[in-house]
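Input: a single structure, listed below in structure tokens.
Quick note: the coordinates plus some simple rules give every number you see, no bench work behind them. Computed from a predicted structure; not experimentally measured. All Cβ positions, glycine included, derive from the backbone under ideal geometry; neighbour counts span all protein chains shown.
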Amino acid sequence: MRSPVELTDSFRDRGLRITPQRVAVFEALHESMGHPTAETIYQTVAADMPSISLKTVYQTLNDLTDMGEIRRLDLGSTATRFDPNLEDHHHLVCDCCGVMIDTYLDASRIELGELEGFRPTGTSVFVSGLCEACATSTSPENP
């Protein structure tokens, strides 16, 4: 992910307003060590800037997504997450704690079956299971 300064410049180049709230979102996203939700970014920024709104966080993340600076990850039943890693990669998702881990698979080896004229332009693989911590946990709710 590009630095908060570079994102600020990119927003300016596109004629988008730069506010302290947006810069704080850039910084929180840049410092994030995973695949945060908008709510996670909001909580991080609101700790130092209580005046920020969740709407501002969503708008900033959506603008960054539209600009190709981050990716939106929709897992269906959970909150949308945002991925600052733009490298070609896939994800391991823990069924127990929800942690999401980047992984690098050779997706060209995946059997796609009959595509009925469909021409793939990319792949996004989510592998569900248990992370190491949850797999070794003695919690009775783990399979």
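Structure notes:
- About its Cα centre, the dipole of the chain is roughly 520 debye, where the only charges are +1 on Lys and Arg Cβ and -1 on Asp and Glu Cβ.
- J(HN,Hα) series, the range 18-25, from Karplus relation 6.51 cos²θ - 1.76 cosθ + 1.60, nearest Hz, glycine and proline x: 9, 10, x, 5, 5, 4, 5, 5
- Helix 4-13 axis versus longest C-alpha principal axis of the chain: approximately 70°, rounded to the nearest ten.
- Residues whose amide H falls under 5 Å from that of ILE70, counting only those 5 or more places apart or on a different chain, are THR65, with hydrogens built in the peptide plane.
- Only Cα pairs under 8 Å and 6+ residues apart enter the sum, and on that basis the relative contact order of the range 4-73 stands at 25 percent.
- Nearest-ten-degree value, helix 38-48 long axis tilted from longest Cα axis of the chain: 40 degrees
- For LEU130, the residues whose amide H sits under 5 Å from its own are ASP95, ignoring neighbours fewer than 5 places away on the same chain, with H placed 1.01 Å from N.
- Here is how the number arises for the chain: DSSP H runs of 4 or more residues each give -39500 (n - 2.57), the sum is divided by the residue count, and the result at 222 nm is -10500 deg cm²/dmol.
- Derived scalar couplings ³J(HN,Hα) [the range 88-97; Karplus, 6.51 cos²θ - 1.76 cosθ + 1.60; whole Hz; x for Gly, Pro]: 6, 8, 10, 9, 9, 10, 6, 5, 8, 9
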